[in-house]
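The values are calculated or read from the model by the stated rules, or taken from the named source; none is laboratory data. What you see is a predicted model; the values in this text were computed from it and never measured. Here the Cβ is made from the backbone with ideal geometry for all residues, glycine too, and neighbour counts use every protein chain on show. Side chains included, ligands, DNA and RNA excluded: accessible areas come from the protein's heavy atoms. Shrake-Rupley method; radii C 1.70, N 1.55, O 1.52, S 1.80 Å.
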Amino acid sequence: MLLELSYPFGGDEPKWPTNPNDSYVWDNATRRGDSCNASTIRHHMHNGTHVDAPRHFTMDGRTIDQIPIEDFCYRSPLVVKIPKAKGGRITKEDLLPYAEPLASCDLLLVYTGYADLREQDPHAFIDDFPCWGVDAAQYLRRQCPKLKAVAMDVLSVDSCTTGADEGFPAHHAFLDVNEEHPERTLLLFEDVNTKKLFEAEKPAKTVFAFPVRFKGLEAAPIAMVAEL
């Protein structure tokens, strides 16, 4: 059984407050007498379910087309529920109870409960959603050698209210390679419907999250599917 964890794109999905809206243009349409239907989209790479590559915040980081395709296939996914309210942060202490399974997983999927608001109250969903603490990102990079990526049910690992003023510390902690963070980077999947994995009758056996391979870019939309 397959379970789709990414959201369809429609142009009206909740997004980071300063991101431009997506839009569709029908270049050809049979309703106008054309021989076929053909469309063009204007899509911001960080709207909807997407993956951030290391290039997102540094020109030294790998682009989405430079990452091995194997890094988007996960044979040992771990799903955890870490309830967080508005303005909450995921910390190292939140992860410590899962230390043993984290040591062997290759994808961590976190359900904070905020995914519930995406359809019920989109305005609340984008308002000061839970984010990640730097200590949690550092813990995952240093203590989880098999981990390749993190997925979450919120729009970003950084706060939409303080992230810019703070310099987007969580993104840097996950994605950058430097003297402070010499370990391998972790891919970031944002705006993922992780709630579905807690409603499923069976656990996820494998998760696929393949991106569209845009050359030289820092992110890409993905189709994320769990095999139960």
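Some observations on this one:
- Taking all protein chains together, Trp132, Trp26 sort by accessible area into Trp26, Trp132, largest first [probe 1.4 Å].
- Candidates Gln120, Pro145, Gly11 compared by Cα position along the dipole of the chain: farthest toward the positive end lies Pro145, with charges placed on Cβ.
- Heavy-atom accessible area ranking, 1.4 Å probe, most first, across Glu218, Glu13: Glu218, Glu13
- Qualifying trypsin sites (Lys or Arg not before Pro) in the range 63-136, DSSP loop, other Cβ atoms within 10 Å at most 14: Arg75, Lys86
- Where labels lie 7 Å past Cα in the beta-carbon direction, separation of Glu201 and Leu228 in nm: 0.7
- In this structure, the pairs whose alpha-carbon distance is over 25 Å, taken from Lys81/Lys215; Lys86/Lys202; Lys84/Lys195; Lys86/Lys215; Lys146/Lys215, are Lys81/Lys215; Lys86/Lys202; Lys86/Lys215; Lys146/Lys215.
- Computed on the range 1-43, with alpha-carbon pairs under 8 angstrom and 6+ residues apart, the relative contact order is 29 percent.
- Taken as Cα centroids, the range 209-224 and the range 136-193 sit 17 Å apart, rounded to the nearest whole angstrom.
- Between Phe9 and Arg32, the C-beta separation translates, for a Förster distance of 22 Å, into a calculated FRET efficiency of about 0.40.
- Residues Glu190, Glu70, Glu166, Glu119, ordered by accessible area of protein heavy atoms at a 1.4 angstrom probe radius and largest first, appear as Glu119, Glu70, Glu166, Glu190.
- In the range 26-123, inverting the average of 1/r over every pair of distinct C-alpha atoms gives 17.8 Å as the Kirkwood radius.
- Within a Gaussian network of the chain (alpha carbon springs, distance under 10 Å), most fluctuating of Phe208, Phe198, Phe174: Phe198
- Here the chain exposes an accessible surface that is 52 percent carbon and sulfur, computed with a 1.4 Å probe and the other protein chains kept in place.
- Centroid-to-centroid separation of the range 1-57 and the range 82-106 [C-alpha atoms, Å]: 31
- Relative contact order for the chain, counting Cα pairs under 8 Å that sit 6 or more residues apart, in percent: 30
- Label-point separation in nm, Val177 to Thr18, each point 7 Å along Cα→Cβ: 2.8
- Across the range 18-28, computed HN-Hα scalar couplings (Karplus, 6.51 cos²θ - 1.76 cosθ + 1.60, θ = phi - 60°) run 9, 6, x, 6, 7, 8, 10, 10, 8, 6, 10 Hz from first to last residue, x flagging Gly and Pro.
- 5 angstrom amide H check on Met224, placed H, neighbours 5+ away: Leu5, Ser6
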